1. State all residues of region B:1-15 that are at the interface with chain A (Cβ under 7 Å from one of its Cβ atoms) and either at pLDDT below 95 or surrounded by 12 or more Cβ atoms within 10 Å (Cβ to Cβ) (or both); if no residue qualifies, say none.
2. Would you please list the contacts, defined by Cβ atoms under 6 Å and residues six or more apart or on different chains, that run from a residue in region A:462-483 that is surrounded by 11 or more Cβ atoms within 10 Å (Cβ to Cβ) to a residue that is outside any helix (DSSP H, G or I)?
3. Could you figure out which of (1) in contact with a helix residue (DSSP H, G or I) (Cβ under 6 Å, 6 or more places away or on another chain); (2) under 20 Å from residue B:204 (Cβ atoms) isn't true of residue A:158?
4. In region A:16-96, which helices (runs of 4 or more DSSP H) lie fully inside it and hold 2 or more residues that are within 13 Å of chain B (Cβ to nearest Cβ)?
5. Do the conditions hold for residue B:182, that is, is it modelled with pLDDT under 95 and buried (at least 18 other Cβ atoms within 10 Å of the Cβ)?
6. When region A:107-124 is examined, which residues are found to be under 13 Å from residue A:243 (Cβ atoms) and either facing chain B (nearest Cβ under 9 Å) or in a helix (DSSP H, G or I) (or both)?
7. With touching a residue at least 40 places away in the same chain (Cβ under 8 Å), more than 10 Å from chain B (Cβ to nearest Cβ) and either over 29 Å from residue A:115 (Cα atoms) or in contact with a helix residue (DSSP H, G or I) (Cβ under 8 Å, 6 or more places away or on another chain) (or both) as the only criterion, which of A:213, A:185 stands out?
8. Only one of A:276, A:243, A:254 is in contact with a strand residue (DSSP E or B) (Cβ under 7 Å, 6 or more places away or on another chain), more than 9 Å from chain B (Cβ to nearest Cβ) and closer than 25 Å to residue B:149 by Cα; which?
């Protein structure tokens, strides 16, 4: 039996139930231990890569500049990329949403009568739920990144964009393999567990008709797709099967090949604290006459899926600078405590909080931008300097009011609007802008404090109720002055 | 469908408000500043640095010379119990390899589609040349081609790579500009990028299980670099 036949049906977790899931997640001791340990490890490893803060600032400045420049010329660069890829023999497809992207890939697979697609790590294919679309037409879609393979085997989704199975302990993985992988016996040795995965997946690389990958950087001037990885499964998926399909968001583009080294250097150092990954794979053509391996066909699917909404606003456009290193989640105090699954989105953590509303609409995601203490750690470590806290505040606002004049409404604009909240804030504003009213309120609040309700909505879910003091600070100070 | 999608996406991007576009980033200037800030390394220091960084990725560096590398490779194959070594029969290194008397020398002379199971299951090691190395990160540069196909450096459990120490670059940027990857004036700006270009830093690895590092994830379990140096640098 294949791994796929053995895997669980996927557990769906809607983003709209974020609050309920976070409270479950924070009480899961094992989960918290897994994340705390892994995030501490990743933070320490990243720090060793950037010993000189001045040099780091120069590198981040350049990387931000490259990304901003690329975005400023995005439509032209997409057309240039398409021209050069086509000239190189790579077929380019465009998709406005997940359904279109999946339909394109299903079409390619069916044209080749494919039964098995091996997948290198691709968060964009997670975003489109490609595996379901493939399974619906009877094509097995097998994840081959070790972490992705593990979560797929257990019917889960990745909990971290770089380390998909970080929420699992090796004991849990040992048990999973023993149960689900035919012929595997229980072992807690990480080397042996990886050996089991290697053996299973090598057979699959050999027989798969199609290989799928993501893209880390697409270079417009040369028509080159760049892939970053350590395991070699990405190279397998893009070299062994007859057909290679790459899928990427429209923003992952740079103009020149020379723009790649500064971004690549920051990507791996920020993500896992590695100066470089084992492989950096640059693909510019399908197999040429005389060449003995490599796919005969290469396709690129360019996906929008809400990215043009972010692009349409000059502040929110900076969301698209992201190179998906995951440093923001590694350093986020909220992510570390609730873990990646609680978010219920493809991209968890701070970057997920600012990109998911564009992909899924604010109606389903308005709680996500509130999952932050605005401590700013995310933007401090972001290699391309995305002002994440500013964008979180902006999205909280967009969720709670109608579109401002001159701004196009976002999908789900005003989804968290509440009449009660509006009244409370209007009252608060009135109190704090009218001195007489403020003094009267202070006088009443200190005397009628016994009337404070014991249940105070969200505040008392996990805290003792608020009660005004018997005497206000203003009174106490006045009394002190008199003495 | 895809052409409508294309037009819609491009139209949305083009109609978005555009402030003043930033100037083109000065990547050359950035690396020139970095180069001027640090004293230039001599050849010996470069070789040292490359070996140190490659060792960090668990790449095994063996110093050889132009005249003895094939013999060193033969000895390594014996020591590592290699019974089949994949090589390119049309390469500049082929004659030396064939003359060295290496056990189980196997040319990659057919399309992979004709012999996948043998490649995956019965090939112990692969030998390739390289286009150079990067000292900053301990990295090999490979441009596979019809003579040295892509899977030679990926599928066999051991990868032997021949690297000339005079081909060491300080960093990735210097390597791609030094070798004119994106085309230069002589090539009328036409890209020289091959079907596939690779940077390789060590054997395949993963830390996906509880951030514990394990080697030989999907690709080679061992990477051995035959670093060609001068007699006195051995």
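1. Of all residues in region B:1-15, those at the interface with chain A (Cβ under 7 Å from one of its Cβ atoms) come to B:1-2, B:5-6, B:8-10, B:12-14.
Result: B:1, B:2, B:5, B:6, B:8, B:9, B:10, B:12, B:13.
2. From residues that are surrounded by 11 or more Cβ atoms within 10 Å (Cβ to Cβ), the pairs are A:465/A:454; A:465/A:456; A:467/A:452.
3. Of the numbered conditions (1) in contact with a helix residue (DSSP H, G or I) (Cβ under 6 Å, 6 or more places away or on another chain); (2) under 20 Å from residue B:204 (Cβ atoms), the odd one out for residue A:158 is (2).
4. Per the criteria, A:29-49, A:53-72, A:74-88.
5. Values: modelled with pLDDT under 95: yes; buried (at least 18 other Cβ atoms within 10 Å of the Cβ): yes.
Criteria met by residue B:182.
6. Of everything in region A:107-124, those that are under 13 Å from residue A:243 (Cβ atoms) and either facing chain B (nearest Cβ under 9 Å) or in a helix (DSSP H, G or I) (or both) turn out to be A:107, A:108, A:109, A:110, A:111.
7. A:213 is the lone residue from the list that is touching a residue at least 40 places away in the same chain (Cβ under 8 Å), more than 10 Å from chain B (Cβ to nearest Cβ) and either over 29 Å from residue A:115 (Cα atoms) or in contact with a helix residue (DSSP H, G or I) (Cβ under 8 Å, 6 or more places away or on another chain) (or both).
8. Unique residue meeting the criteria: A:243.
The values are calculated or read from the model by the stated rules, or taken from the named source; none is laboratory data. This structure is a prediction, so every number in the text was calculated from the model and none was measured. Positions of Cβ are backbone-derived with ideal geometry, glycine not excepted, and every protein chain shown enters the neighbour counts.
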